[in-house]
Structure formats: C-alpha cells, structure tokens
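Since the structure comes first, as structure tokens, the remarks are kept for the end.
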Amino acid sequence: MKTSAKKKTLKWNSLRELGILLAFIVVLVTLMILSPTAFAKPANLLNIVKQASINGILATGMMFVIISGGIDLSVGSIVALSGVIAASFAHPGEYPLIVPIVLSALAGLAAGVLNGVGVAYGNIPSFIVTLGSMTIIRGLALIYSKGQPIFGVTDEFEALASGFAFGSIPILVIYFLIITAISAFVLTKTVYGRRVYAVGGNEITAKVSGVSVKRIKIAVYSISGLLAGVAGLLLASRIVSGQPTSGQSYELDAIAAVIIGGVSMSGGSGKWYGTVIGALMIAVIGNGLDILNVSSHFQLLIKGSIIIVAVLLDVKGKRNQ
Amino acid sequence: MKTSAKKKTLKWNSLRELGILLAFIVVLVTLMILSPTAFAKPANLLNIVKQASINGILATGMMFVIISGGIDLSVGSIVALSGVIAASFAHPGEYPLIVPIVLSALAGLAAGVLNGVGVAYGNIPSFIVTLGSMTIIRGLALIYSKGQPIFGVTDEFEALASGFAFGSIPILVIYFLIITAISAFVLTKTVYGRRVYAVGGNEITAKVSGVSVKRIKIAVYSISGLLAGVAGLLLASRIVSGQPTSGQSYELDAIAAVIIGGVSMSGGSGKWYGTVIGALMIAVIGNGLDILNVSSHFQLLIKGSIIIVAVLLDVKGKRNQ
Amino acid sequence: MSEFLLEMRNIDKSFFQVKILDDINFDLLPGEVHALVGENGAGKSSLMKILMGIYSRDAGTILLDGEEVNFHTPREALSAGIAMIPQELNPILDMQVAEYLFIGREITHTNMGPVSIVDHKAQIEQAKNLFEDTGVDINPRHLMRNLSVAQIQLIEIIKAISLDSKVIIMDEPTSAITFKEVDTLFEQIRKLKTKGVGIIYISHKMEEISEIADRITVLRDGKWIGTDTAQNLSKEKIIKMMVGREIKEVYPKVKVELGDVALEVRDLLLKDKFQKISFSLRNGEVLGIAGLVGAGRSELVETIFGISKPEFGEVLVHGKPIKIQHPMVAIRNKIALITEDRSATGLNLKTTVEHNISFVQLSKLARFGFINNKLERKKVEQMVGKLRIKAFSLKSMVNSLSGGNQQKVVLAKWLLSEPEIIIMDEPTRGIDVGAKRDIYLLIGELAKAGKAVLMISSEIPELIGLCDRIITMAGGRLTGEIPRDRFSQEEIMHYASKFEVRE
Amino acid sequence: AKDASEEKTFGFFISHQTNAFTSELTAAVTGKAEELGVKVTVYDAEKDPAKQISQIENAVNQGIAGILIEPVSVDGLVPALAAAKEAGVPVVVVNQRISDESAADSFVGVEHYTSGFMEMTAAAGDLGGEGNVAFLLGPLGSDGQIGRTTAYYDVLKDYPDINVVFEQTANWVTEEALAVTENWLQTGTEIDAIVANNDGMAMGALKAVEDAQMLDKILIYGVDATPDALAAVKDGRLKVTISQNTTTQGQVGLETLVKLANGEEVESEILVDFVLIDINNVDEYLP
Ligand SMILES: Nc1ncnc2c1ncn2[C@@H]1O[C@H](COP(=O)(O)OP(=O)(O)OP(=O)(O)O)[C@@H](O)[C@H]1O
Ligand SMILES: Nc1ncnc2c1ncn2[C@@H]1O[C@H](COP(=O)(O)OP(=O)(O)OP(=O)(O)O)[C@@H](O)[C@H]1O
Ligand SMILES: [Mg+2]
Ligand SMILES: [Mg+2]
C-alpha cells in the first residue's frame, strides 16, 4: 500500500507539472498548422528562443523573488539603467569591453541589494520597495543619460548579443541556457534554493527552523537585480545603444512568464522549467501572430485570450487529476 | 482591569492606523513650508483632491479586490474602453446624456464580472486573468475606436467632470467623496464587506463558515470593473474625448494607493481611509514637485523615495508601539 | 558551574502595557522532565518563546550551562542546543516531508555554505530511519499538504527530537495525537533523559503530566505560583494551584431522554479516505467517534458538512436528505462543525476576536445586509463570558490570543450560530482543565436542550465520560459500535486498532 | 527652491521627456529663455493627458505668465487651454496641433501628416513605384502614428503597384521594432522597404535587416533625424530621415509667447518646414 501511494504521487506530480507544457504544445502545434512554412522552420524556432531570452533571463530572477513570497517591479528600470551605463562605457577607443560588462552587472546587483535590504530590514512590502525603486532607478537612468539614447558603441559591444555559436545557435540563446541551468541548479539542488522555498512557504516557520530569513531575502532580490543588469547589458548590445526609456513594463512580462509557468504568486512553490515554458510561450505567441500578420488590434485580443486559456488548461488539468 | 486594557488597545490601534496619516501630514507640511504661497493655497489643495479623484475611484475598487486576496490589472484598460464607448455615444444630437453614462458603466461592470468569473470558476490566479483581460480589453478599445481618439462630444458630456458644486468644490471631488463614502460603508458596515475581509483572510475558513467564496470574488471584481467604468467615463469627460490609449499603467497607481494606504497585498486587512490617504499622497507628491519646479527626471527620484520613506515611517511607527 | 542546564530568572514581558509574564523563575536539570502547567493564557508559551528568541523579554536573565545567553533569533537558540515543538502547527505545505524535517539543517554532500548541494537521498533515508525508530507510518516523499493535523504534529515531534539538542521544549506536543503515539513519544522522552537532555513539557493533560514529569512548575495569570517535584504534587493540588479553586475532574454526564433521529449517514464513501460509513444520531444524544491517527474521522465529518464532496451515499437531516455540496447547506440545516485545525479552517487570523466569533451568524445579526453592531457586540460578549475567553479586548487580533483561547473562539463562533446538530472534531484541543469542564458542562446542556452532538476525540476518557454511544473507525472503515454500558478503555482501543474489515 | 510666483514665469508643458526629440525641444526653449532673459518652468506630463491638464490647472492657479505647450493629445487639452486663455494667460501651442485652434493664441510647428507624406513619397520614388513595403507604427491611437500612417496610405493611392505586406505597431520602441522585423523576415515574404513612424523603430528594423544580411535588398525610412539615424544615413544604411527643425520650433514658440505676453500681435499659425535628409545633404545636419 505504501509503495502504491508513492507511485501515485509521482505520476500525479509529473502530470500536474506537465499541464502548462501541454498547453504550450497545443499553442505551438496550432501555429505550426496555421503556418507550416514560416513558423515551423527551425530557423524561426531558434529565433523565438532568441526573442524569449531577455525576458527569460529577467523571469529567472523574478522566479527567485516570487518563490520567496515577494515581487520585483524594478527589473524594467534596472534594464534601462544598466543599459545606458553599459553603452556609455562602450564608445570606441575608451575602455576595454570588460568595463561595460562589469559595470552594468554591478549596477544591477547594487539595485537588487538595496531592494533586498529595504524588504528585509525595512520590513516594507516588496511591492512598495520595488515600486519606489522602479521609479527611482528610471529617474537615475534618465539623469545619467540626460534623457537621451546613448549611441556609438563599439562593434565588439554589439557582437555581445548578436552573432551565433556552434554554427547557427544565436548567442543570446546560449546565455539564456547557461543562466537557466545555473538557476535551476541553485534552486533545486542547493541549501540556499531549498530555503528560498521555505521562506516563501512560511516565513515564520522558516525562521523558527533557524533560517536567516533576512539573508535569503536580500539574496533573492540581489539575484533578480544582477540578472536584470545582465539583461540590460544584452538589450543594449542588441539594440546597439543604451536607451533610458527601454525596459518599460518588462516587469509585467517577466512576472507573467513566471506565473504562466505555474509559480504561485503567494510564494513557496513552483518549478524552474515552468518559468522557461512561460517565457517561451510569450515569445511564441508574439512571433506567431506577427508571422500570421494579425493586425495589431487583434493581436492584443488573441494574446490575452491565449494566456488565459493556457493557464486554464493547466489548472483544469491539475484538478482533473 | 478589563476596561483599562480595552482603552489601551484602542489607543494602540488608532496610533497604528495613524502611521500613514502622519507620514502624509509630514509630506504635506514640508511642501507647505517649501511653497507657502502656491502649494498651500486652498484652491491648490482642492485642486489636488480633484486630481486624486480618478485614481482614488480606481483605487477604491482595487481595494475591494486586494482585501479579498486578489489583484486587478485590467482597470487601466477598462478606463480606455469605457471612455471610448462613452465618447462615441456623446456626439451632439444623438443620444441623451444618460446613454453614454449607463453604457460606459455597464461596459466596466461586464468586464469586471468576466474577470470575477475567471478567477472564481476558472480557478486561475487573478494576476493571470486580469493580465489577460487587460490585454484583451485594450484590444477591444482599439478595435471599437478603430485606433483613433473619439472627439466631438457634447458640452453636457464635458460638464460631467468639469464644473463645481457648492461654489468652489470641483464636482469630481464630490463624486470621489460619494464613492468613497458608499465603499467605506459597504466594507465596514455590511455583511458583504465583512465577508470580503474573511475571504482574503482565510479562504477555507470562510468557506467552512458558510460563505460562497465564488460569489464574493465575482462581486469584488465586478465592483472594481464598475468603478473603472465610471473612472473611464469621468476621464473621457475631463479630456473631452475617448482615447483608446488612455489609462495606461493606471493600475499601478491604483495598486500603489491601496498598498501605501496599508492594505496588505496578501489580503484580509486594510482600512478604507488608508486608500484615500494613499491616493491623496500620490497626487500631493505630483502636484508639489511640479509646483516646486523640480525637473522631471529628478521628480522620479524624489517620488520613488517619498513613497518608500512614507511606508517606512508607517511600518516603523507600527513596530515601535 | 551551576548544576542547572538552564535557568530563567526574573523574566518580565508585557504586550501593549499589559504584563503577561511577571517575575518568572524557571530552571531545568539535565535529564529532567520539567512540566510547565497553567490555565489558557497563563503565559507558558510566551515564556518558551522568550527562551527561543522569538519574543524579546523586557527584563530578566537566561543562563544556559551557567552562562548568560541572549538569543535574538531562533537560529541562535537552535545552535546553542535548544529545540522546540511549537504549540501552533505552522507547516510549509508545499514541501516534501523529508525536506521539511531538515529545513535549516539540510544534509549536504559538501560543505560550501549556502551553495552546498543538498543530499536529497540521505535526507529521505534519514527520515525513513527516524520514522521507523518512532513507529510512524508516513512517506517522507509526501507533501506536507497531504498530511492530517496529527501527522503534522508527529513530524514536529520527530523534527525536534532529532536535533540532538540539550534542551527540548514541548509545547502541547500531544494535543492532536492519540494514545498510541503518546506512548511512543514517552518512550523517546525516556531515552532522551538517559542522554542527559532536559525537557520542558507543557500540557493540559494531567495524566500525562503525572506519568512523565519529574518536577512541575505552575503559572497563573503570568505569575509564578510554585515549583515542586511531581511526587509532592497531586493532580488536585496542581489544579488548585492553576485555577485558584478546586475542580473535580469528573465528567458531568447528564441523563437525557433520546429523541428522534436528527442526523443519518448512509453508505457515505470517499475513495482513499473512508468506505461506506453509515450511522445515525438522535436528538439529545452525544455520539463519540474514536480512532487512531489517520483513521479518517476528520475526513468523514468534513464530508458530512460539505467541505469535501462524497463519491457515494447520502446524509439525512431530520429524515430529509440534504444535498451536501457546500458548508452553506449544512449551516442552513442548523449543523455546526468545530473543525480540528483551528488555524487552517477554524479562524481568520487576520482579524479580531469579535469578527471571528460573529462570522457564521453575521447575516442574522444584520438587517438588509447592514450589520447591527450593538447586537453583534452584545452576542459576542455573551459568548466570551460564557466560555471565559481571555483577551485584552474584543478588538484584539485573534492570533495574539493563547492557543487555548483561540480554540475557545472557534467554539464560540459555532455555538453562537445556535445549531441543532453539533459536530466537534477534537473540541478540547489545547484547553485547560477548568475550561474543559466548562465545555463538558456545555455539551451536557446542549444534549439536555435536545440538540444532537457528534464528537471526535482522541482522549478516550473524555469520550467515555461524555458519550451515550461510541463508534470506532480504523483505516477508513467503521469497526465497532459500543453502547454506554460496555464502555471501557480496552474495548474502545480494541475496535479502534482493528484493521480487518468488518463486513 | 524658490517660490514660483515671485517673478513672472512662463510655463513650458511638454508631453514627455524621454527621447531625443523632446530633449532637443526642451533645450531649445530653455536656451531661448536664457537668451531673452525670461524665466521658464518645464512641466513633464509623462504622456498622460489627464496629468497635463492638472499641470495647466496648477500653473494657472499660481498665476503663470504664459503657456507654451507641446500637447499630449490633440483635443483633450482644449478645455484646460481655453480656461487658461479666458483667465488672460497667453497660450502658444508648439509642434502638434490641437483640435480647436481658438483655444490657443498661436500655433508654431509642423504637421505629422506632412512628414509621413514626405517619407512615403521618398520611399515610393526609391522603389520605382512598385514593390512590397512594411510599416512600423507608433502606439496605436497616438497622433504621430495616425498622422504619418494616414499620409502613407494617401501617397500609396498614386502607386497601385506598391503593396503593404506587413503593418504592425512597435510603440516607438527600438527593441519591439527589432523583434517584429525579425519575425517578418522569418516568413520569407519579400520586403523591399520598411517605412517606420520614427527613427527609433527604423533603427530597430535596420538592426534586424543587418543581422539577416539583407540590407542590400531592403530600404529603411524613418522620421526625427536622431543622431544615430543621421549617422546611419551618412553610412548609407538608412535611406532617409526627416528633420522637424525641432530647435527652430522651440525657439520660435517661446519668442511668440513672450511677444504675446508683452501685448504684441502675432500670427495665429507659424509653420516650420520639415527637411528631408538623405545621403546628399546629411553632412549639413551631422553634429
Ligand atoms: N503576540 C502577542 N500579542 C499580544 N498578546 C499576546 C501575544 N502573545 C501572547 N499574548 C498574550 O499573552 C498571554 C499569554 O499567552 P500564552 O500563549 O503564553 O499562554 P499559554 O499559557 O501558552 O496558554 P495556552 O494554554 O492557551 O496555550 C495571553 O493573554 C495572550 O493573549
Ligand atoms: N500513512 C499515511 N501517509 C500519508 N497520509 C495518510 C496516511 N494515513 C492517513 N493519511 C491521510 O490522513 C487523512 C485521514 O486522516 P483524518 O484526519 O481524516 O483522520 P482522523 O481519524 O481524524 O485522524 P487524525 O487524528 O489524524 O485527525 C487522509 O487525508 C489520509 O490521506
Ligand atoms: Mg500556549
Ligand atoms: Mg482528525
């Protein structure tokens, strides 16, 4: 009896987790049928993963925050700040390439640490801390760049996010894979990862069990900030400029990817691959509708509906188990 | 002994609740000192309340949703949809004024009901449902208006949100007051209001205690949608046109007002007057910084900081008790 | 060096200017079980939370092994060798049992601080071993979410015991488990004693105290009343110290003529939980359900009440079948269910005592949906008085109440709804002797007033004392029905631990 | 901070301050103010018409000496401006028209329609009157998007052999335009020209086309003459951009307002010319 119960749990768990994957496959197959030549091309599928990468990187950081029971609204602004910082140090003949890379990552990390300290020590709801810092950091990006895009970066800088590895795989995809792999490892295999779940699951119990809740919280916002810094760097490279207005409402897309992937807004649960699927889902929908040349107004209608229906499929799938 | 304990608790409770009010007063007095002639003028203070009204109305609906443990991201899009609908029925010589009023309110209500059904019956996280409907409704607003602002409304329609009552009180302020009064009453004095808190506090306990959680949820989203419809009508009247792009990111301001006002993101607690103070706080900061002629990039910096500091004061105040 | 393992001297603590601990002294010898007793709200848990660094103290000193210590967080207390089984169960629901067991002290492959890799297999193995040692049958891979209250309590016990601590605080460790598990716990405690571990034992069950305690300290209203060896303190004496007056712990059973059938359950079935259960309950009757942990008793009454939907069978109220699909229907039929897990299903911890108590009855306290606050206040005050709920004010948040008083709030909430059929799942969980007697009296009153009472309890003496009839469950099946004249501990245990199916 | 009402102050109300165009306009106004020795306060509406209304109300309340406005929306501001004018405050609208001209004393600026017309005419000419074009649009419902896009289609009425194969919004945003163009290119549909509502989006399209190594096949057009667009025109990567003479607009706008405040008569409409910039004349505009 004991073993049969065990098997059931395993089967049930994997099916449960497959819910959103199934929904994703349905969307994918539908688009493949609707556009067999353009959408279903391997080159386009890689293109989709490329387009999912920057949001995917942000979503990975966001996932840590949401699992810990918080939210980070500041990532879009961090993208802008680290982007303008990176671009401003990437003019030809000024600094080696490592300088913009390190500085933009550090800017993101610093913002994340401050968010974390605000949440952990200030005891302020994460929504407020990061709403405030979202506004502040956007202001900093505008002040730093005097409200103007920063152009004229080196070719090397541009090459950071363009170009391909192993022949035809966009380099952005490789970054995304590496970051996902590390995050998945940290989240599922390490002590730190388990404690992130514990803090999100029940902060008081985590504390009573000897977990330093404050440190865990500072760390999750730092990770989110750092990854947003990296995303900002990559975006600046991709659009060959630092734009103080870029990254607007990126936080919404990142949160959406995480939640579509089945992470609970109240924290304590969720799987890393859900987030990957969530980010891919968003990119697939955008790409498919563009390729099908759906008019902009109807794109909005369809996008919103697909997201709801996908999650509905996921939820119903779970319940029928 | 019992009575003395009772008194003490009362004092503590009121001080606790005053936290954000104190922070608000600090901000207000600071601005009055910095700009005694311009900011502190009664006309300007009324002006601030007027400017807080539309966000205040949205925030009131949002408060119901957040207290019940959810979130409503679709209000900004509803503002746009109901605005274009209202304007399109407000051309001279076509329909009586009541038609645009009723239709825009109904549009908001319908959107809210659908949100509520999705959350209650679909069992989908409110973040996803309303993220989806935010996108869908924005699409509807664009499709309905063919992507163009709708001009040429009647003077009566324009007068809806302009004009004054009792001499010098802007009519918008009156609407805001009435809606706040009704909401406060519903939330604190009725069985329904108590149940909204209960559902947000502990959904299972509420169910076990005989509450139809589904019905309560549908109702909160309906209220939020209806009030967003009203806000859209008033905004259309204020900007004398229906604009399919209006209301962008209004949901963030509404949520911010609610959270600044001390309502917990996780639901189950919060006071109506907190939301009023939150909405006023946002308007005061915007108005004050404009009057002090702070450059717009620095405004972002200061706004973000004030919000964080205000809530920090609130939180510390509560803790030191 | 002092002979004491632990000393707490002159501890003071106030909340909002109300003193809840006043100059308390408490000490613990190595290898000793020191029981801490007192009425609900006496300050037992608060004293222990101060020791663990969960609450800060206003005054006083704490010495561990003769050295002064100052814990600001439970983390510090844990690493100094103090562990606690908390009174309020607060599990992390989305975690696997094994993970939960080792949270904060994960077993790792290598030691690299926070990025050490968790040895999941070793944790599962360790958990299995711990469960085997203690004879607990729980799958370490299950989610905490799927466990019953009793099972969660067992997990907490095992978690604390396995920490290798010098001092273990047990704050009502047995409030949800049955005699079988209590025996296992006591075995473990005796083992720990031989290793020199000191145990602070808080309980309202006098039998347990006299069985396991070496010394006893009594608190009342935040004040130290006395400390003495267990031999010197009789049960009566302890109770007198606790409540300040004498209470005879007898069961005030009242004889009532049984009326018509009020509740009838026919062939109720919920797969994996319970199988084809049938029984009936009459007006004026007190019917008990006995069973071991996981017998399915709680699931059964939750289904009757409409929280879970049955797969088969029906429920009749006063002879009429009702559609059980939502608790609303049950409440409309004047049924009340005092659930077992007060924090998960009984209370809204985010609101006040008053709003919790009036909640079920709210629409009756309102006109056209508008609440009559005066009437509400009056009704609630009556209930608070009747059950002697200790709270600073009706506007106090319910989570600032002591555990026992929270339980009373759940009782008050349901009794206020004036039910005809009252189902109680472990109604006296965490309740002190004085209050228990009040509840027993109340049950008698209810029966006398012709109400029907269905009661689940893991305290068999309580069932024997109060019930007209007891049915037993084991493994999700009905295994026996015992009339009052055949009541005996042995008989009930026999049926409750009977696993073969009774056809 | 000094109190605003101590001396005569003019207000410059700008729709937002987050791109090269608005920065240049603001710089032109503040620079001119220094030159004229008047005080100007800048109000940023962050693209929200309701906010711009509030700012005007606030300023009129404090006795502003005159209003120079780059309106967020063509009609929403009309009542607020009319009220200001009624209160005796002179009003000059810059860059973008409002729907009721009587609400302002003067308009200084350009018409979006004209720039779109110039842009599309250039593209149609370069294509030789036939081929496939794709449009990248600003935020749907925004005035720039509506004006320029309407002009595109009006031009195309004369070119029946030019087909619009794609049309999509990228909300003025470079990275959105980049992704949309990447997606278009995946379809294999032949595109001969991409015409964008502004340079920010044109630069995104340019990046996608370059990454796909199709720059020899696809011509790209933009509006605004941003520094990077000018550089791209110089390199021959971007075919055309169009200058709005932003600095002139700002300077003339403030001059006109100050004249009004001094009681002088001004023209009710002062139009500033657009300049089409391509490889032939780009050197005059490069910084
Ligand atoms: N966080 C808190 N805020 C306010 N009051 C509190 C808080 N914690 C405890 N109290 C009060 O302190 C008193 C002692 O509570 P405590 O939980 O220590 O009692 P206890 O002896 O453990 O009772 P029980 O047997 O019911 O568990 C109670 O009156 C309770 O209301
Ligand atoms: N060995 C086990 N492993 C996991 N879950 C179990 C096990 N045994 C029982 N359960 C679960 O326990 C629940 C049944 O316990 P229930 O709470 O109804 O019983 P009870 O008789 O009231 O006992 P308790 O004293 O535990 O409340 C069911 O949800 C069942 O799935
Ligand atoms: Mg206690
Ligand atoms: Mg039970």
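Please treat every number below as a calculation from the coordinates, not as lab data. Quantities reported herein were computed from a predicted structural model and do not represent experimental measurements. Ideal geometry is used to build each Cβ from the backbone, glycine not excepted, and the neighbour counts take in all protein chains shown.
Over segment C:278-351, what is the mean sequence separation of C-alpha contacts under 8 Å (at least six apart), divided by residue count, expressed as relative contact order in percent? List each step's numbers first, then the result.
Details: 50 pairs, mean separation 15.1, N = 74.
Worked out over segment C:278-351, it gives 20 percent.
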### Label point 7 Å beyond Cα of A:Thr37 along Cβ direction - residues of segment D:158-200 with amide nitrogen under 16 Å
D:165-166, D:184-191
### Message
Beyond a 20 Å Cα-Cα separation, which of these cross-linked pairs lie in this structure: A:Lys316/C:Lys309; B:Lys207/C:Lys364; C:Lys364/C:Lys448?
### Response
C:Lys364/C:Lys448
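Expressed in nm², what is the orientationally averaged projection area of the convex hull enclosing the Cα positions of the protein assembly as shown? Spell out each step's value before the answer.
Numbers: hull surface 223.6 nm².
Computing the convex hull of the Cα atoms and averaging its projections yields 55.9 nm².
Dividing the alpha-carbon Rg of segment C:122-219 by 2.2 N^0.38 Å yields what? If you can, show how the numbers build up before the last one.
Details: Rg = 13.7 Å, N = 98, 2.2 N^0.38 = 12.6 Å.
In units of the globular-protein estimate, segment C:122-219 measures up at 1.09.
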### Summary
Computed over the Cα atoms of chain B, the Rg and Dmax in Å are 20.2, 71
### Task
Take every Cα pair under 8 Å in chain D that's 6+ residues apart, average their separations, divide by the length, and report that relative contact order as a whole percent.
18 percent
### Summary
C:Arg75 neighbourhood, Cβ < 13 Å, K/R = +1, D/E = -1, net charge +4
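For a footprinting-style exposure proxy, rank C:Met48, C:Met170 by other Cβ within 10 Å, fewest first.
Taking fewest neighbouring Cβ atoms as first place, the list is C:Met48, C:Met170.
Once the mean 1/r over all distinct Cα pairs of segment D:77-201 is inverted, what Kirkwood radius in angstroms do you read off? Please list the in-between numbers first.
Values: mean 1/r = 0.0619 Å⁻¹.
Final number for the Kirkwood radius of segment D:77-201 is 16.1 Å.
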#### Entry: Exercise: per-residue mean of other protein chain Cβ atoms within 10 Å, B:302-312
6
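Can you pull the mean other chain C-beta count within 10 Å for peptide D:201-208?
2
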### Message
Measuring nothing but label to label, 7 Å from Cα along Cα→Cβ, what are A:Ala40's distances to the other copies in nm, shortest first?
### Response
7.5
### Query
How big is segment C:348-418 by the Kirkwood estimate over distinct Cα pairs, in Å?
11.9 Å
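Treat the count of other C-beta atoms within 10 Å as a stand-in for reagent exposure and order C:Leu93, C:Leu268 from fewest to most. The partial results should precede the final answer.
Numbers: C:Leu93 17, C:Leu268 22.
Fewest to most other Cβ atoms nearby, the residues stand as C:Leu93, C:Leu268.
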## Note on the structure
Copies of B:Leu97 compared via label points 7 Å along Cα→Cβ give distances in nm, shortest first, of 6.7
### Task
Would you list the P(r) distribution for chain C, with all Cα-Cα distances sorted into 10 Å bins from 0 and each bin expressed as a whole %?
4, 18, 29, 27, 16, 6, 1, 0
### Summary
Length-normalised contact order of chain C, Cα under 8 Å, at least 6 apart, in percent, tallies to 16 percent
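Counting other Cβ atoms within 10 Å of each Cβ, which chymotrypsin sites (Phe, Trp or Tyr not before Pro) in segment B:93-163 have at most 13 and sit in a DSSP loop? Please list the in-between numbers first.
Values: sites: B:Tyr121, B:Phe127, B:Tyr144, B:Phe151, B:Phe157; in loops: B:Tyr121, B:Phe151.
Loop-located and lightly packed - B:Tyr121.
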### Task
Jot down the radius of gyration and Dmax of segment B:47-142, Cα atoms only, both in angstrom.
14.6, 46
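Any chance you could list the semi-axes, whole Å, largest first, of the equivalent ellipsoid that the Cα gyration tensor gives for segment C:1-73, using √(5λ)? Provide the component values of the computation, followed by the final result.
Numbers: eigenvalues 86, 44, 20 Å².
Equivalent ellipsoid semi-axes, largest first: 21, 15, 10 Å.
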### Query
Over what distance in Å are the Cα centres of segment A:60-90 and segment B:194-262 separated?
28 Å
### Message
Helix D:199-211 against the longest principal axis of chain D: what's the angle in degrees, Cα atoms only, rounded to the nearest 10?
### Response
20 degrees
### Task
Just rank A:Ile277, B:Ile143, B:Ile66, fewest to most, by other beta-carbon atoms within 10 angstrom.
B:Ile143, A:Ile277, B:Ile66
### Rounded Å value of the spacing that divides the Cα centres of segment C:98-170 and segment C:1-55
27 Å
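If you count, for every residue in C:346-359, the Cβ atoms of partner chains within 10 Å of its Cβ, what is the mean? Intermediate results must be reported in sequence, preceding the final value.
Details: counts 5, 4, 13, 4, 12, 8, 2, 0, 0, 4, 5, 0, 1, 11.
Mean partner shielding for this stretch: 5.
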### Summary
Projected area averaged over all directions for the convex hull of the alpha carbon atoms of segment B:230-288, nm², comes out at 4.9 nm²
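Order D:30-37, B:167-174, C:152-159 from most to least packed using the mean count of other Cβ atoms within 10 Å. Before the final figure, lay out the partial values.
Numbers: D:30-37: 14.2, B:167-174: 16.1, C:152-159: 23.1.
Sorting D:30-37, B:167-174, C:152-159 by mean packing, highest first, produces C:152-159, B:167-174, D:30-37.
Can you give the Kirkwood hydrodynamic radius for chain D, in Å, rounded to one decimal and based on Cα pairs?
Values: mean 1/r = 0.0507 Å⁻¹.
About 19.7 Å, per the Kirkwood formula over Cα pairs.
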### Task
Would you mind listing the distances between the B:Ser249 label point and the same position in each other copy? Use 7 Å along Cα-to-C-beta, nm, one decimal, shortest first.
1.0
